[in-house]
Amino acid sequence: MSLSGLSGPSAPRPPEDTGDPIRVMLVDDSGIIRRVVTRVLADEPDVEVVGVATNGQEALDRVEVFRPHVVVLDVEMPILDGLQTLRRLRPQWPTLPVIMFSTLTSRGAESTLEALTYGASDYATKPTSLGSLEKTVATMRVELVPLIRSWGEIGRSRQPTVRRRVATPSSVLAPLATTMRPNPVRPVAPTRPSSAPVAPAVALAAAPAVPPARPVPPRPARTNPTGRIDVVVIGSSAGGPNALSELIPQFPGSFPVPILLTQHMPETFTKLLASRLDEKSALKVVEAEPGMIPEPGHLYIAKGGMHLVATRTAGRVVLDFDDGPPENYCRPAVDVMFRSAAEVWGPNLLALILTGMGRDGVDGCSRILEHGGSVITQDEASCLVWGMPGAVVEAGLSGQELPLNRIAAEVGRRVRPVASRTA
């Protein structure tokens, strides 16, 4: 889907249409790519290519002139590559949506994930070896155009305040996360072809139209008489990689319970994300595999393309995969992991809902509360997209809303042994 990948399973509800076209700036050193993308976007009446650049330095020199609503940025370029360009762009244009556009090689995937942690909004994969110009154009219509439209609408709504001349690195990186879309099913919005094929595991999915809010029926909540927490579960999507890179390193290696995480990403990226977080954190961070036994001080990340579930067998908890259909257009889905965790750990469970598009996690949080567990949501001000946490709050399921920089301390307070809290 979208690292939001498309923005993922469900893009935020767009602002009212102003009638003005979405202004796109294309930055790519390949003349062929520039011509093909320009041709594809020329057929979109609500999208306009207002400028092109052949390298990052040209882009930085021209962004003030073009005033785009969204930038499509190549990763590998001469003079100034995509990562260098992004780092220089962000201090002056911290909220301008940027879509990274690269080949999905191992090197390309690693560079793209790094770009996402430095404030890129999303990414799309350049089509390769499709055999004809027609197939290339068709693929871009499914992969790139929906991303441009979703993020362009967001960028257009931010246009009056998109440029800030003074910004510290922390103010740039903290609110800007990345979007990660689930994998591998491609829901199709009404404006896109209705028969888009299922993509490979590493491909993106187009963002569907935002589904209407589904009311969550109230469920009688059990209580947690001991106050003990045996596991922490986390759900995140758009903006997640950046948020996680700030949150996870705050937990000590001696963290007394295991952590399970579902982040909307394709398989190639979940493995890279686990490796990066493991390097930055005192926790042991791994991509989950069937048969693993959750241990304290460990973080287990759901593998792209598979739901992560927990089961209790012979008195012990074991992790497993569920290859059932996507939920909320996502696989892995937060709801699936949360529901299974609620069944296994009951009231001794703490859930975190971080930045992300759509409503994935609402049903899972409802189930957690039904079993007596508790839910913390990231507050709107510190989210790139308040879709997922906002939906949980609106459903009345959040026990506490906190800025990202206060979540780790609150989690640490809650998971301490009850005896130490009362001592």
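Observations
- Tally, over the stretch 84-103, of residues that are over 13 Å from MET25 (Cα atoms) and either within 17 Å of the chain's Cα centre (by Cα) or of a type outside the set (A, V, I, L, M, F, W, C) (or both): 11
- Residue match in the stretch 359-380 (condition: crowded, with 21+ Cβ neighbours inside 10 Å, in contact with a Gly (Cβ under 8 Å, 6 or more places away or on another chain) and over 16 Å from VAL232 (Cβ atoms)): yes
- Here the condition is being farther than 23 Å from ALA238 by Cβ and either polar (S, T, N, Q) or open to solvent by 40 Å² or more (accessible area, probe 1.4 Å) (or both); of GLU401, GLU343, GLU394, it holds for GLU343 alone.
- Residue list for the stretch 95-119, restricted to those being assigned to a loop (DSSP other than H, G, I, E, B), open to solvent by 10 Å² or more (accessible area, probe 1.4 Å) and in contact with a helix residue (DSSP H, G or I) (Cβ under 6 Å, 6 or more places away or on another chain): THR95, TYR118
- Filter pass, ASP17 being modelled with pLDDT under 95, within 27 Å of PRO389 (Cβ to Cβ) and surrounded by fewer than 18 Cβ atoms within 10 Å (Cβ to Cβ): yes
- Every residue from the stretch 313-359 that is out of contact with any Asp or Glu (no Cβ under 6 Å at 6 or more places or on another chain), among the charged types (D, E, K, R) and over 22 Å from PRO296 (Cβ atoms): ASP322, ASP323, ARG331, ARG339, ARG359
- Flag set for THR139, criterion: open to solvent by 30 Å² or more (accessible area, probe 1.4 Å) and among the β-branched types (Val, Ile, Thr).
- Residue in the stretch 406-422 that is in contact (Cβ under 8 Å) with a residue 60 or more places away in the chain and in a loop (DSSP other than H, G, I, E, B) present: yes
- Candidate set from the stretch 68-86 (those that are buried (at least 24 other Cβ atoms within 10 Å of the Cβ) and out of contact with any Phe, Trp or Tyr (no Cβ under 9 Å at 6 or more places or on another chain)); member that is farthest from GLY152 (Cα to Cα): THR85
- Considering the conditions (1) open to solvent by 40 Å² or more (accessible area, probe 1.4 Å); (2) under 14 Å from the mean Cα position of the chain (by Cα); (3) of a type in the set (Gly, Ala, Ser), SER237 is excluded by exactly one of them, (1).
- Subset of the stretch 316-334 that is surrounded by fewer than 24 Cβ atoms within 10 Å (Cβ to Cβ), of a type outside the set (A, V, I, L, M, F, W, C) and in contact with a Ser or Thr (Cβ under 9 Å, 6 or more places away or on another chain) - its residue that is farthest from GLY412 (Cα to Cα): ASP322
- Of everything listed in (1) open to solvent by 20 Å² or more (accessible area, probe 1.4 Å); (2) closer than 24 Å to ASP363 by Cβ, the single unmet condition for ARG276 is (2).
- Number of the exception - THR125 against (1) more than 25 Å from the chain's Cα centre (by Cα); (2) touching a residue at least 40 places away in the same chain (Cβ under 8 Å): (1)
- Taking the numbered list (1) in contact (Cβ under 8 Å) with a residue 40 or more places away in the chain; (2) of a type outside the set (S, T, N, Q); (3) closer than 22 Å to LEU116 by Cα in turn, PRO389 passes all entries but (1).
- For the stretch 28-43, the tally of residues that are in contact with a strand residue (DSSP E or B) (Cβ under 6 Å, 6 or more places away or on another chain), assigned to a loop (DSSP other than H, G, I, E, B) and among the hydroxyl-bearing types (Ser, Thr, Tyr) stands at 0.
The values are calculated or read from the model by the stated rules, or taken from the named source; none is laboratory data. Remember, predicted model here, so these are calculated numbers, not experimental data. Because the Cβ atoms are built from the backbone with ideal geometry, glycine has one as well, and the counts that use them run over all protein chains shown. Keep in mind that these areas ignore ligands, DNA and RNA; they rest on the heavy atoms of the full protein, side chains included. Shrake-Rupley method; radii C 1.70, N 1.55, O 1.52, S 1.80 Å.
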